[in-house]
Amino acid sequence: MLEFSQAIASSLNIRKAQVEAVLELLGEGATIPFIARYRKDKTGALDEVQIQQIQDQSKLLKEFADRKTFIEKTITDQGKMTEALQAKIDKAITIAELEDIYLPYKPKRKTKAQAAKEHGLEPLAILILEQKETDLNTEGSKYISENVKDVDAALQGARDIIAEMVNEDAAVRAKLRKLFESTATLHSKVLADKEIEAIKYKDYFDFSEPIHKVPSHRILAVLRGFLEGFLRMGIAPLEEDALELIEKQYVTGSLNSSVEQVKKSIKDAYKRLLQPSLESEFRMALKTKADEEAINVFAENLKQLLLSAPLGSKRILAIDPGYRTGCKVVCLDEKGEMLVNDVIYIHEANRKYDAEHKIRELVVRYQTEVFAIGDGTAGRETEQFIKQLQLGKPIFLVNEDGASVYSASENAREEFPDYDVTVRGSVSIGRRLMDPLAELVKIDPKSIGVGQYQHDVNQFRLKERLDQTVVSCVNQVGVNLNTASRHLLSYVSGIGDTLADNIIKHRNEIGKFTDRNQLLKVPRLGGKAFEQCAGFLRIKESANPLDASAVHPEAYKLVAQIAKDLNTELSSLIGNEALLKQVDPKKYMTAEIGVLSINDILNELKKPGLDPRSELEQFEYASIFSIEDVKEGMLVPGIVTNITRFGAFVDIGVKQDGLVHVSEIAHQYITDPSEVLKLNDKVQVKVLEVDVVRKRIALSIKQTQDAPARNSRPKPKVHAGASEKDLSKMDMNDALNALKKKFKG
């Protein structure tokens with residue numbers, strides 16, 4: 001893949017040597033987290049995003065090269081390759097250009113033009129293309145035969161041949177493609193008699209927008225309506241512009257009967273062949289672009305959710321709330337192991353006293369430090385019940401999206417084979433508070449509910465990107481080798497499912513790991529896997545304090561030398577910022593380890609094993625518990641639970657998240673809510689509208705008093721030339737449908 005280095009370097013505006021270093025490391029089996037963290041000297045400190053881009057572009061370029069080779073071989077085998085044709089192929093820089101060149105040589109089903117050629121009409125087509133004044137009736141009559149009944153049939157056949165020539169003209173297709181890019185519109189109309197069934201697509205009953213402006217969520221909405229059989233959609237520029245463009249290429253003579261035939265051929269070529277072909281191409285391109293945007297939104301939201309602040313090792317009493325079936329209660333120790341499970345009924349007057357007594361008893365017996373309560377059905381009521389007991393323990397409402405999916409999963413059955421889904425769900429809620437990352441990796445990311453149109457996008461690409469996100473987050477935080485679950489270990493650089501199983505089995509046999517080198521005794525975990533994973537695994541119980549840090553074992557000798565030169569013990573060096581500041585990185589450079597890596601090592605030694613996640617903060621909702629309590633004009637606190645391109649969803653504690661449309665987030669013009677907001681942000685919102693019947697709440701951040709004062713994040717850039725229409729335009733259908741998906745309970 002090194003042959004692609006210069007092209008990738010130019011595209012990403014980085015040095016060719018950096019690209020070559022990354023491709024070599026990837027070729028050797030190195031993972032992206034490992035390269036980004038431990039091979040900075042080789043790559044020039046490229047981050048994970050840049051390394052991923054290099055990998056993605058190399059794949060695309062390889063696909064291009066493979067297709068080019070195939071096309072060259074096919075044309076050569078046909079005996080039709082010429083120097084001029086080869087030069088055209090060599091000049092092509094996109095798959096579309098290659099396919100345009102290949103089109104005349106591509107095996108195809110029998111066409112009208114091929115049939116006309118078989119009937120001997122090609123000379124007539126060539127004559128017409130000369131566009132001289134000719135008696136076409138006389139000329140056409142020469143071709144009447146058993147297969148060509150009359151002059152009209154002869155002229156029709158000639159036009160079919162010309163139309164196919166126009167369609168297969170790479171220059172024409174290239175110019176039309178540019179016309180589509182600059183002027184084509186995406187338009188949709190409701191199908192006849194489908195108005196009632198298609199009501200959720202009302203905004204698209206008569207919709208039109210230039211394709212270079214239409215946002216991803218509207219593309220996906222129109223496509224969904226089209227695929228469900230409610231909408232008719234099209235993508236095209238003005239027909240007269242397209243025809244004029246082709247005529248400039250083909251019409252050479254003044255108006256005469258031959259020119260008329262050429263113009264008819266051009267119109268047929270465009271409407272029957274070119275327009276449908278390019279529409280299909282652009283529909284696919286728009287879908288791909290929209291997919292990528294939606295996937296990017298999902299991946300960014302997932303990253304923020306996975307990196308949510310952890311509570312840490314605390315003894316937790318976790319409750320999965322419920323009305324009729326009661327509240328499922330579990331007590332967990334500091335490691336998240338279940339100590340006991342029970343059920344309480346707090347919504348039945350005659351059983352409430354027993355519930356109070358049981359909670360008090362469990363808190364004392366199992367030394368509970370914190371309460372974790374699922375935020376779904378009956379969550380707020382259960383929170384109020386625990387508050388009224390005045391036990392002096394912190395209470396956290398935990399987002400339980402996906403908890404039910406985990407409870408019924410094979411992973412949960414494997415962990416708790418003797419317990420039902422209700423118990424598993426309560427344990428998941430408690431563990432999610434303790435360490436969101438460790439618990440959420442057990443759930444299919446698509447079930448977590450932090451994206452937009454995730455079921456409409458390319459599922460292979462979605463899974464690939466979400467898996468990359470999980471891997472990045474897990475390795476960014478690091479994993480405790482002695483407490484991590486199989487699922488968490490499987491995402492560590494270089495490990496995967498099989499080695500994760502082997503590590504768990506080995507851990508069960510030997511007890512706790514006490515040294516990173518013990519990993520080499522795990523079956524099938526060889527030197528390469530050890531190189532990739534060791535730096536991301538932590539052993540707090542090790543005699544070597546570096547085993548609890550992100551310092552890679554390959555640098556242990558270097559750290560020992562630094563300690564020796566400073567005349568101190570290793571244990572005294574770690575965490576001693578004053579002493580570490582005395583170190584000159586250049587003094588310790590070797591052929592394998594450069595200044596960038598040494599600076600990383602020194603920073604890690606200052607704060608070894610530092611968790612990059614923020615600290616968990618308690619949050620208090622307003623005293624409202626259902627949508628009936630919400631009134632227009634209220635100012636209430638909330639938590640951002642989901643971010644899409646058209647707005648952000650905010651939980652205000654009433655079971656239905658409200659929507660803050662992008663136009664109501666900031667006083668400046670923003671195109672993307674993530675410019676200002678992040679998942680789990682705590683915000684003050686104003687209630688703009690409440691629809692109790694449809695359970696919809698419209699909110700605003702910018703209309704609250706403190707909205708202009710949100711200086712904790714950089715101010716979004718103001719886009720010049722934004723009109724009032726741009727600022728206020730709201731795709732209510734998409735917004736409300738997405739809001740509906742977020743309903744809980």
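The lone criterion from (1) under 40 Å from the mean Cα position of the chain (by Cα); (2) in the same structural domain as ILE235 (by TED's automatic domain parsing); (3) not hydrophobic (A, V, I, L, M, F, W, C) left unmet by LYS267 is number (1). If you go through segment 387-427 and keep only what is in a helix (DSSP H, G or I), surrounded by fewer than 21 Cβ atoms within 10 Å (Cβ to Cβ) and β-branched (Val, Ile, Thr), you end up with VAL405, VAL421, THR422. Screening ILE429 against (1) farther than 23 Å from HIS357 by Cβ; (2) in contact (Cβ under 8 Å) with a residue 40 or more places away in the chain; (3) among the aliphatic types (A, V, I, L, M) leaves a single unmet condition, (1). In summary, LYS352 fulfils each of the numbered conditions (1) part of a helix (DSSP H, G or I); (2) surrounded by 16 or more Cβ atoms within 10 Å (Cβ to Cβ); (3) not hydroxyl-bearing (Ser, Thr, Tyr) with the single exception of condition (2).
For every residue, the table says whether it meets (1) part of a strand (DSSP E or B); (2) at pLDDT below 95.
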position	(1), (2)
GLN156	no, no
ILE162	no, no
SER182	no, no
LEU186	yes, no
GLU195	no, yes
ARG232	yes, no
LEU243	no, no
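Take the conditions part of a loop (DSSP other than H, G, I, E, B), surrounded by 13 or more Cβ atoms within 10 Å (Cβ to Cβ), not β-branched (Val, Ile, Thr) and not assigned by TED's automatic domain parsing to the domain that holds ASP672 and apply them to LYS213. Does it pass? No, not satisfied. Before we move on, is ARG67 over 22 Å from the mean Cα position of the chain (by Cα), closer than 26 Å to ILE601 by Cβ and charged (D, E, K, R)? No.
Scoring LYS289 on the criteria (1) more than 21 Å from ASN399 (Cβ to Cβ); (2) in a loop (DSSP other than H, G, I, E, B); (3) touching a Ser or Thr at 6+ places or on another chain (Cβ under 8 Å) leaves a single failure, condition (2). Just wondering, is there one or more residues in segment 56-75 that are in a loop (DSSP other than H, G, I, E, B) and of a type outside the set (Phe, Trp, Tyr)? Taking every residue of segment 56-75 in turn, none turns out to be in a loop (DSSP other than H, G, I, E, B) and of a type outside the set (Phe, Trp, Tyr).
Scanning segment 192-206 for residues that are of a type outside the set (Asp, Glu), surrounded by fewer than 21 Cβ atoms within 10 Å (Cβ to Cβ) and under 27 Å from ASP672 (Cβ atoms) yields LYS200, LYS202.
Checked against (1) of a type in the set (Asp, Glu); (2) closer than 16 Å to GLN261 by Cβ; (3) modelled with pLDDT under 95, GLU146 meets all criteria but (2). Of the residues making up segment 90-120, those that are farther than 18 Å from ASN167 by Cα and not acidic (Asp, Glu) are LYS91, ALA92, ILE93, THR94, HIS119, GLY120. Give the residue that is nearest to ILE266 (Cα to Cα), with candidates limited to residues of segment 133-159 that are surrounded by 13 or more Cβ atoms within 10 Å (Cβ to Cβ) and in contact (Cβ under 8 Å) with a residue 60 or more places away in the chain. Per the criteria, the residue is ARG159.
For a quick check of your reading: which helices (runs of 4 or more DSSP H) sit entirely within segment 535-645 and have at least 1 residues that are among the β-branched types (Val, Ile, Thr) and out of contact with any strand residue (DSSP E or B) (no Cβ under 6 Å at 6 or more places or on another chain)?
Where helices (runs of 4 or more DSSP H) fall fully within segment 535-645 and carry at least 1 residues being among the β-branched types (Val, Ile, Thr) and out of contact with any strand residue (DSSP E or B) (no Cβ under 6 Å at 6 or more places or on another chain), they are 556-565, 595-606.
The single residue among ALA299, ALA290, ALA285 that is buried (at least 23 other Cβ atoms within 10 Å of the Cβ) and closer than 22 Å to PRO215 by Cβ turns out to be ALA290.
Here ILE75 clears all of (1) farther than 19 Å from ASP268 by Cα; (2) assigned by TED's automatic domain parsing to the domain that holds VAL148 except the condition numbered (2). Is segment 461-469 home to any residue that is surrounded by fewer than 16 Cβ atoms within 10 Å (Cβ to Cβ) and not acidic (Asp, Glu)? Yes, there is a match, as at least one residue in segment 461-469 is surrounded by fewer than 16 Cβ atoms within 10 Å (Cβ to Cβ) and not acidic (Asp, Glu).
The values are calculated or read from the model by the stated rules, or taken from the named source; none is laboratory data. Keep in mind that what you see is a predicted model, and the values were worked out from it rather than measured. Positions of Cβ are generated from backbone atoms using ideal geometry, with glycine treated the same way; all protein chains shown enter the neighbour counts.
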